[in-house]
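The values are calculated or read from the model by the stated rules, or taken from the named source; none is laboratory data. Being a predicted model, the structure only gives us computed values, none of them experimental. Glycine also receives a Cβ, built like all others from the backbone with ideal geometry; neighbour counts cover every protein chain displayed.
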Amino acid sequence: MTVEHHKATMTRSWMSDTPDEIEHPPIPLGLNKMAVPRAAIVLSIMTFLGLLLSSVWVAVSANAFLDDIESTFGSNNVELLEIDGRWIWEIDLLFDTCKLVEDGSELPYGELASQDEVFLYPGELSCDWEHQGQGDAASVAVYNRGNQSLDLILEISGGGVIFSSTDESSLIVNELSPNTSEIFQIELSENDIDARTVSITATHVAVLQAQVRLDVNVIKGSEERALHIHEGDTVEVHYTVWDADTGEELDDGTWVDNAGDPVLSIEGFGWSAIGLDIDNDRGVAFPITDSGTSHITLLPPPIAYGNNDGHELENTWLRFELKLERAPAAE
């Protein structure tokens, strides 16, 4: 009997004499060449999405902002700032020295109060300001004659005159309510102005073509004074007041208070005292000398009795002559 011996052969491809950790070592993440690009791609996608969302948000916000501007000051609504071809605000100097810019004619004295138009003046004004030296002051009024609140920028061009509140040639007026007015002090910042015309413009902050101009002819007076009355100075003045249309004298007396303060609801009266001048004696020398100056101002109803419903002078233009008798003591 023949016995055949078969040699059993076993395949051990799944076995190794070398431990698996050595044959196939784990690869740290930092060394995995595929992991780094994948992370970068994810981050890039996230950054792109963030930028896309930011761009959309900015675009939506910008569009909303432009819509707001358009709804308020769009080309169709600029008409809200006009009445009969004029912008709805006016500007004047309180001195009774103004004429019309357009043709140089006088104001319509005798019929100022009987004008049926919305506006106080027939047009833009040119006014004379006779000054008594550097630091002399005057009062400028801005009137909103429309039904829209106004944001305006006032600018003085020509040099030598500034707004006292800012010490600059420009001033921003915020939220000037409908049918109201504001008064501002200007002053001379140079001493050698013999004759110069400066322009004060009131421009709408959002509609730059909407601009009203006041020309001020600055003229050197015959004799300089050392002291100039500004807003807040305590003064003693003698005043006389007339109806500007009829010439009827309405009152006279002595007023002692601070320049710029309203008197009996007449906002413009206190501002009329600004710009008076006096020598160093301040009117208290012995014997008392007459060194104070005088001037005449013209007040339309909005800064006279126009805000007093039912007052007998509600629609009256007032002309004031003020003579400075005493000024505050030196600080």
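Determine which member of the set Val241, Val284 is over 23 Å from Gln134 (Cβ atoms) and exposed (fewer than 15 other Cβ atoms within 10 Å of the Cβ). Just a single option satisfies the conditions, and that option is Val284.
Listed here are the residues, each with its yes/no results for (1) more than 21 Å from Glu182 (Cβ to Cβ); (2) in the same structural domain as Ala195 (by TED's automatic domain parsing); (3) in contact (Cβ under 8 Å) with a residue 60 or more places away in the chain; (4) touching a helix residue (DSSP H, G or I) at 6+ places or on another chain (Cβ under 7 Å).
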| site | (1), (2), (3), (4) |
| --- | --- |
| Ile88 | no, yes, yes, yes |
| Asp116 | yes, yes, no, no |
| Trp129 | no, yes, yes, no |
| Asp136 | yes, yes, yes, no |
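Checking each residue in segment 221-247 for being assigned to a strand (DSSP E or B) and of a type in the set (S, T, N, Q) picks out Thr234, Thr240. Here Leu250 fulfils each of the conditions (1) at pLDDT 95 or above; (2) surrounded by 15 or more Cβ atoms within 10 Å (Cβ to Cβ); (3) not in a loop (DSSP other than H, G, I, E, B) apart from (2). The set of residues in segment 120-146 that are of a type in the set (D, E, K, R) and surrounded by 22 or more Cβ atoms within 10 Å (Cβ to Cβ) contains only Asp136.
The residues of segment 141-164 that are among the hydroxyl-bearing types (Ser, Thr, Tyr) and part of a strand (DSSP E or B), listed by number, are Tyr143, Ser157.
Of all the listed residues (Glu267, Glu314), the sole one being acidic (Asp, Glu) and surrounded by 15 or more Cβ atoms within 10 Å (Cβ to Cβ) is Glu267. The residue that is farthest from Leu150 (Cα to Cα), among those in segment 71-103 that are in a loop (DSSP other than H, G, I, E, B) and at pLDDT below 95, is Asp103. Going by the conditions given, is Gly275 under 20 Å from Tyr121 (Cβ atoms), surrounded by 20 or more Cβ atoms within 10 Å (Cβ to Cβ) and either touching a helix residue (DSSP H, G or I) at 6+ places or on another chain (Cβ under 8 Å) or among the small types (Gly, Ala, Ser) (or both)? The answer is no for Gly275. Each residue in segment 165-203 was checked for being outside any strand (DSSP E or B) and touching a Ser or Thr at 6+ places or on another chain (Cβ under 7 Å), and 2 pass. Output the residues belonging to segment 297-311 that are buried (at least 16 other Cβ atoms within 10 Å of the Cβ) and either out of contact with any helix residue (DSSP H, G or I) (no Cβ under 9 Å at 6 or more places or on another chain) or modelled with pLDDT of 95 or more (or both). Correct list: Thr297, Leu298, Leu299, Pro300, Pro301, Pro302, Ile303, Ala304, Tyr305, Gly306. Counting the residues of segment 180-225 that are under 16 Å from Leu125 (Cβ atoms) and not aliphatic (A, V, I, L, M) gives 9. On the stretch given as segment 147-175, residues that are under 20 Å from Gly306 (Cβ atoms) and surrounded by 19 or more Cβ atoms within 10 Å (Cβ to Cβ) total 1. In summary, Gln209 fulfils each of the numbered conditions (1) surrounded by fewer than 17 Cβ atoms within 10 Å (Cβ to Cβ); (2) out of contact with any helix residue (DSSP H, G or I) (no Cβ under 9 Å at 6 or more places or on another chain) with the single exception of condition (2). For segment 283-299, check the following and say yes or no: at least one residue is assigned by TED's automatic domain parsing to the domain that holds Trp255 and in contact with a His (Cβ under 8 Å, 6 or more places away or on another chain). No.
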